[in-house]
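Structure first, commentary second.
The values are calculated or read from the model by the stated rules, or taken from the named source; none is laboratory data. Predicted model, so just to flag it, every value in this text is computed and none were measured. Here Cβ is always computed from backbone atoms with ideal geometry, including for glycine, and neighbour counts include all displayed protein chains.
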């Protein structure tokens, strides 16, 4: 059975209403959000540092010296 | 302002050159970045950090800025516009984010290179230096995503694009 056409869809088809956001955009935004949340959680779980401690802190010579001293 | 055919082809050629070059340069950077994670040889580590800094400063940053500028010029100078199609908006957003992350990363890469270049840095200290691998992989993934979007150009007008099109249809 065909899906009933809503008023927005009808107006959209007639060129009277702006088109809705395409599905590929919604899916992409959702995927990016999921990845972002996953990365934030991973950072918090690993060591609470941005970038999972992979590129901060020790780049600073002072921090490196402290780390080495410890 | 619309670009003439010759101008459009020239800007497009430059855009293709710098954007694909950006991807290639990030791939080269990624190889060195991976070496800093996988190798424990002090000579390899020193060379990798210095090479990463050189590639970022002299190749990646200029190509990234050039990509952003030429992308904006092409968008504004052709029928695609800057905010009319979702694929253009998303490509622009991703390029801006990639460039911003790159610009904030310069200091880190430079600091790593300075430590690696310092003769007093011991092999143990070299091996303890951090890597930028997560950003390299993420950056490359973003650039490939933009490339795919630009090749496929998926359909979808924004509200702004629809309004512009409706207005031009009426006139």
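Against the conditions (1) touching a residue at least 12 places away in the same chain (Cβ under 8 Å); (2) part of a helix (DSSP H, G or I); (3) over 21 Å from the mean Cα position of the chain (by Cα), residue B:130 satisfies every one except (2).
Please verify whether residue B:146 is without any contact (Cβ under 8 Å) to a residue 12 or more places away in the chain, surrounded by 15 or more Cβ atoms within 10 Å (Cβ to Cβ) and closer than 20 Å to residue A:36 by Cβ, treating the condition exactly as stated.
Spelling it out, it is not the case that residue B:146 is without any contact (Cβ under 8 Å) to a residue 12 or more places away in the chain, surrounded by 15 or more Cβ atoms within 10 Å (Cβ to Cβ) and closer than 20 Å to residue A:36 by Cβ.
Could you list, in sequence order, all residues of segment B:149-161 that are facing chain A (nearest Cβ under 7 Å) and surrounded by 15 or more Cβ atoms within 10 Å (Cβ to Cβ)? Steps first, please.
Let us first name the residues in segment B:149-161 that are facing chain A (nearest Cβ under 7 Å), namely B:154-157, B:159.
B:154, B:156, B:157, listed by residue number.
Residue count for segment B:77-87 satisfying the condition of being part of a helix (DSSP H, G or I) and either touching a strand residue (DSSP E or B) at 6+ places or on another chain (Cβ under 9 Å) or within 19 Å of residue B:23 (Cβ to Cβ) (or both): 2.
Once segment A:22-55 is narrowed to residues that are farther than 21 Å from residue B:142 by Cβ and not in a helix (DSSP H, G or I), the residue that is modelled with the highest pLDDT is A:47. Being more than 21 Å from the chain's Cα centre (by Cα), within 12 Å of chain A (Cβ to nearest Cβ) and over 26 Å from residue A:27 (Cα atoms) is a property that residue B:112 lacks. If you filter segment B:133-143 down to residues that are touching a residue at least 24 places away in the same chain (Cβ under 8 Å) and facing another protein chain (nearest Cβ under 7 Å), you find that the one that is nearest to residue B:106 (Cα to Cα) is B:135.
Residues are listed down the side, and each one gets a yes or a no for (1) crowded, with 17+ Cβ neighbours inside 10 Å; (2) over 30 Å from residue B:159 (Cα atoms); (3) within 14 Å of another protein chain (Cβ to nearest Cβ); (4) in contact with a strand residue (DSSP E or B) (Cβ under 7 Å, 6 or more places away or on another chain):
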| site | (1), (2), (3), (4) |
| --- | --- |
| B:9 | no, no, no, no |
| B:90 | yes, no, yes, no |
| B:97 | no, no, yes, no |
| B:104 | no, yes, yes, no |
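Check whether at least one residue in segment B:40-53 is in contact (Cβ under 8 Å) with a residue 60 or more places away in the chain and over 20 Å from residue B:111 (Cβ atoms), and report yes or no. Yes; the residues of segment B:40-53 include at least one that is in contact (Cβ under 8 Å) with a residue 60 or more places away in the chain and over 20 Å from residue B:111 (Cβ atoms).
Every residue in segment B:115-127 that is more than 9 Å from chain A (Cβ to nearest Cβ) and either closer than 30 Å to residue B:156 by Cβ or in contact (Cβ under 8 Å) with a residue 12 or more places away in the chain (or both), please.
Taking segment B:115-127 and keeping what is more than 9 Å from chain A (Cβ to nearest Cβ), we get B:116-117, B:119-120, B:123, B:126-127.
Those that are more than 9 Å from chain A (Cβ to nearest Cβ) and either closer than 30 Å to residue B:156 by Cβ or in contact (Cβ under 8 Å) with a residue 12 or more places away in the chain (or both): B:116, B:117, B:123, B:126, B:127.
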